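The values are calculated or read from the model by the stated rules, or taken from the named source; none is laboratory data. The structure presented is a predicted model; accordingly, all values stated were derived computationally and were not measured. Counting neighbours? That spans all protein chains shown, and the Cβs are built from the backbone with ideal geometry, glycine included. Note: areas computed on protein heavy atoms with side chains; ligands, DNA, RNA excluded. Shrake-Rupley method; radii C 1.70, N 1.55, O 1.52, S 1.80 Å.
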Amino acid sequence: MDLLTSIENKRNSMAVSEQKVADYLLENYSHIESTTITRIAHSANVSTSAVLRFCKTMGYQGYKDFRFAMADYLHSQTKNTGGDVYADFFENYQQLLPKLADLPRDQIKRLIAALTNERPNFIFGVYRSAIPAQDLAYSLCDLNHLSIYSSSTVETSHYAGVINPEDTIVFFSITGSKYNFASLLAGFNDSIPKNSFLITLNPNADLSKCCSETIVLPGLINTQQSVIDLESIPTLFVESLINYMHEQ
């Protein structure tokens with residue numbers, strides 16, 4: 001069993017603070033080598049002690065041992081052809097771009113229709129998914145479409161009481177995990193707006209069960225055979241979406 005799968009399997013048996021660490025790491029694992037324990041604690045809104053407890057729950061003596069194990073796993077999963085690494089990086093993008101261009105137009109048109117109606121848009125993305133979420137919200141505001149953005153799990157949970165059934169919700173999540181939005185979803189009491197969209201790289205995202213539409217972007221969510229920073233794919237999608245809206 002690989003390390004990422006092990007985290008997913010053990011997550012539900014962890015304490016709440018450890019689950020927050022697990023959720024953050026599942027979204028940000030590719031940058032583990034340059035991520036300090038303090039940064040993880042701050043980003044996951046927990047104490048450094050919670051990060052240490054998570055590491056021990058995973059079977060490691062401390063964060064240093066866990067970080068080395070994760071880095072070793074990621075390196076072992078990365079293909080090394082011995083060629084031009086610089087050129088290989090762009091070749092990986094070239095393989096993804098045609099798939100990004102072939103996304104179903106009917107889905108894109110429904111998303112645009114929901115984002116450009118007279119109702120407010122609520123756009124959420126935490127951790128590394130915050131960048132494309134913010135980009136979309138700000139770009140929509142520039143186009144005179146009221147859009148509210150949040151990258152905080154705590155802040156997001158308070159919006160359930162002000163979101164109306166006619167409003168539009170967009171979730172950005174690389175893994176499509178619903179845990180980061182659990183409090184918000186619970187606040188809807190099964191009355192989530194009809195115009196609810198998930199933008200993810202995971203075709204098996206559990207959050208898709210809560211949304212009326214799921215747009216799956218191309219990417220390697222279950223393997224680490226690419227050096228591509230996965231947050232760049234949703235960001236590129238947002239840029240293409242805004243351009244498409246502008247041209248229409």
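Shown for the chain: the carbon plus sulfur share of the solvent-accessible area, taken with all protein chains present and a 1.4 angstrom probe, equals 50%. What would the Debye formula give as log10 I(q)/I(0) at q = 0.19, 0.33 Å⁻¹ for the alpha-carbon point model of segment 170-214, no solvent? Evaluating at q = 0.19, 0.33 Å⁻¹ gives log10 I(q)/I(0) of -0.49, -1.34.
For the set Val154, Val16, Val238, the ranking by accessible area, highest first and with no ligand, DNA or RNA atoms included, is Val16, Val154, Val238 under a 1.4 Å probe. Rolling a 1.4 Å probe across all protein chains gives Ile148 an accessible area of roughly 50 Å².
What does the extension gain come out to for Leu97 and His31, with contour length at 0.36 nm per residue minus their alpha carbon separation?
Working: separation 66, 0.36 × 66 = 23.76 nm, distance 2.28 nm.
Net length gain for the segment: 21.5 nm.
Using a probe of 1.4 angstrom and keeping all protein chains present, the accessible surface of the chain works out to 50 square angstrom per residue.
Reachable lysines from Lys56, Cα under 16 Å, same-chain residues fewer than 8 places away excluded? Partners within reach: Lys10, Lys20, Lys64.
Between Ile108 and His42, what's the calculated FRET efficiency when r is the beta-carbon distance and R0 is 22 Å? Round to 0.05.
So the FRET efficiency works out to roughly 0.05.
The list [x] 7, 24, 27, 15, 7, 5, 5, 4, 3, 2, 1, 0; [y] 7, 30, 34, 22, 7, 0; [z] 6, 23, 26, 22, 14, 5, 3, 1, 0 gives values of P(r) over Cα pairs in 10 Å bins from 0, in percent, and only one came from this structure; which label was calculated from it? Checking each listed value against the structure points to [y].
Lys209: which lysines have alpha carbons under 16 Å from its alpha carbon, excluding same-chain residues fewer than 8 sequence positions away? Candidates past the 8-residue exclusion: Lys178, Lys194. Computed from phi, the 3J(HN,Hα) profile of segment 212-219 under the Karplus parametrisation 6.51, -1.76, 1.60 (θ = phi - 60°) reads 6, 9, 10, 9, 9, 8, x, x Hz, with x in place of Gly and Pro. Taking 0.36 nm per residue of sequence separation and removing the Cα-Cα distance, the Leu236/Ser191 pair yields an extension gain of 13.1 nm. The heavy atoms of Lys20 present about 70 square angstrom of accessible area, all protein chains included, probe 1.4 Å.
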